[in-house]
Amino acid sequence: MNYLESLEYLDELSTFGTKLGLGRIKQLVTYLDNPQTRYKTIHITGTNGKGSTSSMLSSILTTSNIKTGLYISPHLVSYTERIQIDGNPISKEDFADCISAVKTFVDKMVEDGEESPTQFEVITAAAFLYFAINKVEYAVIEVGLGGLLDSTNVVKPEVSVITNVAFEHAHLCGGTLEGIAEHKAGIIKDGVPVVTAAKDIPLDIINQTAEEKNADIFIANNDFSAMFVNFDGQYQELKFSSELLGVNFNYKLKLLGDHQIENSSLAIMTASILGNNDERITRENIIDGLALAKWPARFEVFNFDGQICIVDGAHNPAGMMILRQNLDKYYPNEKRVILLGILKDKDIDTMLIDLLRDDDEIVITTPNSERKASPEYIASKISNHRVETFNNMQEALTLARQWAGKDKVLCITGSLYLTGELRNILVNEA
């Protein structure tokens with residue numbers, strides 16, 4: 001099948017929805033001769049930060065001259081973003097070939113009367129296969145949902161990383177914070193070290209699981225930490241410290257936000273553990289890798305000859321609150337133009353309250369989704385601001401950039417559907 005046919009096939013599989021469990025994926029990778037065992041892995045879960053932490057680790061390993069796979073979800077624009085080697089997305093042709101290879105065994109399972117694998121399980125198996133075919137040395141694998149019963153949990157990693165644990169997907173993970181923590185802790189394997197930023201009750205559960213699995217555990221703000229030093233207009237300068245490792249050094253990170261400080265400390269600790277057995281992973285390569293790390297549409301800053309454009313896929317109140325905090329921290333005195341598009345099933349009122357300052361100018365447009373809220377509906381909730389609405393995203397971007405000029409910061413946010421497409425336009429211009 002070609003790329004478009006592979007997307008149609010994946011769309012058909014989406015009807016099966018989300019079904020946790022390892023039976024289907026174990027059968028699938030067995031048919032593929034267990035490709036996930038042919039390279040070393042780092043397995044990462046958590047409520048927030050697992051994607052950016054995965055990206056940082058991948059960058060560190062690639063900078064260490066190690067051929068590195070990266071598997072993440074969801075994507076911004078193309079499914080090919082989910083499967084990368086050394087920062088380069090899989091080609092559409094290779095994506096289609098790997099999906100086609102996996103489909104052969106999905107069809108066999110169905111013919112044998114077994115349950116059909118889900119869309120995520122098929123993509124996961126395709127990623128494992130692609131990494132094996134291309135002989136990566138390491139693969140950084142991000143959990144899709146939870147951990148214990150997630151289809152990525154067939155790997156035996158070198159390190160298990162649990163960024164943090166908060167209340168999400170409760171209906172699929174036990175209904176309580178304790179249940180969610182147990183699912184996250186489910187990626188812990190016998191004798192495999194654990195790095196985590198979890199706190200309170202979730203940390204207690206992770207600690208207990210690590211003890212049961214005889215796994216060493218390294219805890220943020222206990223065994224290691226990072227702190228903010230300075231912002232130079234492009235990078236935040238940070239300091240990593242660990243009495244356990246006997247180190248204390250500064251580094252730069254283009255990924256902005258207080259949450260990325262903790263995420264980067266997890267990446268450093270994990271890389272340091274890997275470096276105990278791989279001399280290529282040095283402190284210099286860790287520092288260089290973090291400076292090169294990218295995580296698209298997460299407070300991502302573009303500078304067009306002095307015009308600052310920030311793309312942030314904040315799509316819920318918590319995301320908007322973090323976005324506002326980062327704008328206030330890094331650009332406290334600049335006036336702002338907000339280019340906004342929100343889905344109608346979101347808490348729009350709270351998102352607007354969390355994001356907007358009194359003097360913000362706002363351009364509203366429509367994300368490319370059937371769930372989009374109309375620009376007029378969002379505008380009706382905003383008073384005492386300069387507001388313009390567009391159904392066309394390109395026209396909205398043109399006006400927002402005119403309004404911003406070089407004297408104001410332009411921030412594009414509200415939905416990943418919106419930020420993904422507009423970011424693509426900006427990248428092509430950069």
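The values are calculated or read from the model by the stated rules, or taken from the named source; none is laboratory data. Keep in mind that what you see is a predicted model, and the values were worked out from it rather than measured. Please note: Cβ atoms are built from the backbone with ideal geometry, for glycine as well, and neighbour counts cover all protein chains shown. These area figures cover heavy atoms from the full protein model, side chains too; ligands, DNA and RNA do not enter into them. Shrake-Rupley method; radii C 1.70, N 1.55, O 1.52, S 1.80 Å.
Values computed for the structure shown
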| item | result |
| --- | --- |
| For the range 175-319: rounded, prolate or oblate by the Cα gyration tensor [a/c cutoff 1.5] | oblate |
| Zone residues, the range 255-270, relative to D223, backbone N less than 18 Å from point 7 Å out along Cα-to-Cβ | 262-270 |
| Angle between the chain longest axis and helix 393-404 axis [Cα atoms, degrees, rounded to 10] | 60 degrees |
| Cut-off under 5 Å, modelled amide H: who pairs with T389 long-range | I364 |
| Table column - 3J(HN,Hα) (Hz), the range 36-46, Karplus curve with 6.51, -1.76, 1.60, x for Gly and Pro | 5, 9, 9, 7, 7, 10, 10, 10, 10, 10, x |
| Solvent-free Debye scattering, log10 I(q)/I(0), computed from the Cα coordinates of the range 238-390 at q = 0.13 Å⁻¹ | -0.71 |
| Hydrodynamic radius (Kirkwood) for the range 1-160, which is based on Cα pairs only, to one decimal in Å | 15.6 Å |
| Y138 accessible area, assembled protein chains, probe 1.4 Å, Å² | 10 Å² |
| Angle between the chain longest axis and helix 50-63 axis [Cα atoms, degrees, rounded to 10] | 70 degrees |
| Alpha-carbon radius of gyration plus Dmax, which is the widest Cα pair, for the range 1-95 in Å | 14.8, 41 |
| Tail beyond 23 Å, pair distance distribution of the range 304-430 (Cα, percent) | 21 percent |
| Cα long-axis angle, helix 3-13 against the chain (0 to 90 degrees, to the nearest 10) | 80 degrees |
| Extension gain from I133 to R38, taking 0.36 nm per residue of separation minus the Cα-Cα distance | 33.3 nm |
| Listed residues L397, L416 arranged by accessible area, highest first, probe 1.4 Å | L416, L397 |
| Accessible surface ranking that places the most exposed of T30, T41, T62, T209 first, with a 1.4 angstrom probe | T30, T62, T209, T41 |
| The chain - percent of accessible surface contributed by carbon and sulfur, probe 1.4 Å | 46 percent |
| Hull shadow area, averaged, the range 259-329 [alpha-carbon convex hull, nm²] | 6.2 nm² |
| Estimated FRET transfer efficiency when R0 is 60 angstrom, pair D112-T398 (beta carbons, to 0.05) | 0.60 |
| Solvent-free Debye scattering, log10 I(q)/I(0), computed from the Cα coordinates of the chain at q = 0.08, 0.09 Å⁻¹ | -0.46, -0.58 |
| Cβ charges +1 (Lys, Arg) and -1 (Asp, Glu), total dipole of the range 23-83, debye | 140 debye |
